[in-house]
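Before any comments, here is the structure.
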Amino acid sequence: MYLIKEASVVNEGKVEVLDVLIKGDLIEKIGPNLSVESNHEVIDGKGLHLFPGVIDDQVHFREPGLTHKGNIFTESRAAVAGGVTSFMEMPNVNPQTITQELLAAKYEIGAQNSLANYSFYMGSTNKNLEEVLKTDPASVCGIKIFMGSSTGNMLVDDPETLESIFCNAPILIATHCEDEATIRTNTEKYVAEYGDNIPFKFHPVIRNEEACYLSSSRAVELATKCDARLHILHISTGKETHLFSNDRPLGKKRITSEACIHHLWFSDSDYDEKGAFIKWNPAVKSAVDRDEIWKALLDDRIDVIATDHAPHTLEEKQNPYTKAPSGGPLIQHTLVAMLDFYHQGKISLERIAEKMCHAVAECFEVKDRGYIREGYKADLALVNLNKPWTVDNSNILAKCGWSPFEGHQFKSSIEKTFVSGHLAYSDGKLNDSQLGQRLYFDRK
C-alpha cells in the first residue's frame with residue numbers, strides 16, 4: 001500500500017492539498033490527514049501536483065511487424081515515464097489488425113509486454129465489414145477508419161462500406177480524415193516540379209485544409225445520418241473546428257474530436273528547421289490554424305488531447321520528402337509539453353487534467369479510470385512543476401532514440417507514475433515487475 005501525503009491533487013476542476021491512499025490496484029481513500037499504518041509506504045507529495053494518469057487515445061507502437069521502429073514494451077515504458085498510464089493503439093501494423101483473431105493476438109502481446117494499461121483498435125478496410133461488426137464494445141476501445149492515405153489496404157474509400165460501418169458499428173468509430181484524391185493531385189504537382197526532394201515546407205500545402213475538411217465534413221455527415229458515435233482524430237485546421245459543438249455533458253455527445261500535441265506546439269514556420277522531424281499526417285499547418293485549434297480546445301469544441309505517437313527510425317526520417325515517413329515519437333513528453341503551456345498562461349492545470357484524463361475517459365466510457373476517485377484504479381502521475389530538464393538522446397526512451405523536442409528544456413518533470421496501483425516509474429527509474437491492465441469500457 002502507498003500513502004501519498006499532502007500533494008496538490010488536480011482533479012475534477014479543483015486543486016486541493018490532500019492525501020491519497022492506494023491499496024492494491026485501487027484508490028482506497030482520499031482526504032486530509034489520513035492516518036499512516038506500518039504497512040504503508042509513505043510518499044511525500046508536499047510541493048508536488050498529483051494528476052490522474054494520462055490516457056492517450058491515439059498511439060502507434062508498431063507491434064507486430066514493424067518493431068525496428070518501436071514495440072509495445074519500449075513505447076509503453078516511454079509512456080509511463082511521461083505520466084501516461086493508459087494508451088489506445090492503432091491497427092496499421094503488420095499484419096494489420098483487421099480480424100478478431102489478429103485483434104486477440106495483439107491483446108496477448110499487450111498482456112505480456114506493456115508497462116502501461118492498454119487497449120487496441122479494430123481496423124477497417126473496404127472488405128472486412130463482417131469482422132468489424134463483431135467488435136466487443138465492453139473490451140475494445142473502438143473501430144479505426146482511415147478516411148485518407150494509409151498503409152496497405154486500410155484506406156476505406158468505398159461509399160457503401162463507409163455507410164455500412166457508420167450505420168451498424170456497435171462501438172465508437174475513430175477516423176483519420178484526409179481526402180485521398182486531393183492529396184494525390186497535390187503530390188503529383190509537386191513531384192513534377194521537385195522530384196523526390198520536395199521541400200518539407202510544402203507538406204501542409206500537399207495535405208492541405210481542403211483535404212482535411214472534405215473528409216472530416218463527410219465523416220460528420222455520415223455520423224449524423226446514421227446517429228453513429230464518431231470521434232475525429234488529430235484536427236489540424238481551423239476550418240474543421242467549426243464542425244463540432246461544445247455541448248455538455250460530454251458523455252452525451254455523439255460527435256467528438258481530438259487535438260494532438262504537435263498541432264498545438266508547432267506551425268509551418270518550423271519546417272525549415274525541423275524538416276521531416278515534424279512531418280505528420282495530417283500536416284502541421286499555419287500559426288492561424290494552431291490558434292484556432294487552441295481556441296476550439298479551450299471552448300470545448302475539441303474534447304481531448306492525444307499524441308499520435310508514431311516512431312520511425314532516424315535513418316527513415318533522413319530520407320527525402322517522398323520517402324520520409326510521417327509521424328514521430330511524442331508520448332514521453334506529452335504531459336510536460338502541456339505543462340509548459342500552463343507556465344505560459346495558455347491553459348490551467350485543471351483543464352489539462354480534464355482534456356488529457358477526464359474527457360478521454362468520458363469519450364470512450366473507460367471503466368473506473370481517468371479520475372482521482374475512491375474505488376477507481378490507481379492511475380496517477382506525481383509532477384514537480386518547477387524542476388526543469390532538457391531533452392537529449394540520453395533520456396529519450398522511445399526505441400527510435402530521437403524526438404522533435406530534442407534540445408528543448410521543459411519546465412516540469414514527472415516524479416512518479418502509478419499504473420493500476422503499481423509504482424511503475426519513480427525518480428527516473430522504471431519498474432516493470434508488474435505490468436499494466438487491459439482497459440474495459442462501461443458502455444450502455
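The values are calculated or read from the model by the stated rules, or taken from the named source; none is laboratory data. Owing to the predicted nature of the structure, the values given are computational and were not obtained by experimental measurement. Reconstructed Cβ throughout: ideal geometry from the backbone, glycine too, with neighbour counts over all protein chains shown. To get the accessible areas, we keep the full protein, side chains included, count just its heavy atoms, and leave off ligands, DNA and RNA. Shrake-Rupley method; radii C 1.70, N 1.55, O 1.52, S 1.80 Å.
Worth a mention:
- Of the helices (runs of 4 or more DSSP H) lying entirely inside region 287-392, those containing at least 1 residues that are open to solvent by 50 Å² or more (accessible area, probe 1.4 Å), among the hydrophobic types (A, V, I, L, M, F, W, C) and over 24 Å from Lys5 (Cβ atoms) span 287-298, 314-317.
- For region 37-147, the helices (runs of 4 or more DSSP H) that sit wholly inside it and include 3 or more residues that are within 30 Å of Lys14 (Cβ to Cβ) are 72-81.
- Residue match in region 408-416 (condition: assigned to a loop (DSSP other than H, G, I, E, B), in contact (Cβ under 8 Å) with a residue 24 or more places away in the chain and of a type outside the set (Gly, Ala, Ser)): yes
- Every residue from region 104-157 that is open to solvent by 10 Å² or more (accessible area, probe 1.4 Å) and in contact with a helix residue (DSSP H, G or I) (Cβ under 7 Å, 6 or more places away or on another chain): Ile109, Asn113, Tyr118, Asn126, Leu129, Glu131, Leu133, Lys134, Met147, Ser149, Leu155, Asp157
- Selection count, region 188-232, where residues are out of contact with any helix residue (DSSP H, G or I) (no Cβ under 6 Å at 6 or more places or on another chain), open to solvent by less than 40 Å² (accessible area, probe 1.4 Å) and polar (S, T, N, Q): 3
- The number of residues in region 251-270 that are in contact with a His (Cβ under 6 Å, 6 or more places away or on another chain) and without any contact (Cβ under 8 Å) to a residue 12 or more places away in the chain comes to 0.
- Any hit, region 60-71, residues being more than 16 Å from Gly436 (Cβ to Cβ), open to solvent by less than 10 Å² (accessible area, probe 1.4 Å) and in contact with a strand residue (DSSP E or B) (Cβ under 7 Å, 6 or more places away or on another chain): no
- Residues in region 333-349 that are under 25 Å from Lys252 (Cα atoms) and touching a strand residue (DSSP E or B) at 6+ places or on another chain (Cβ under 6 Å): Leu349 alone.
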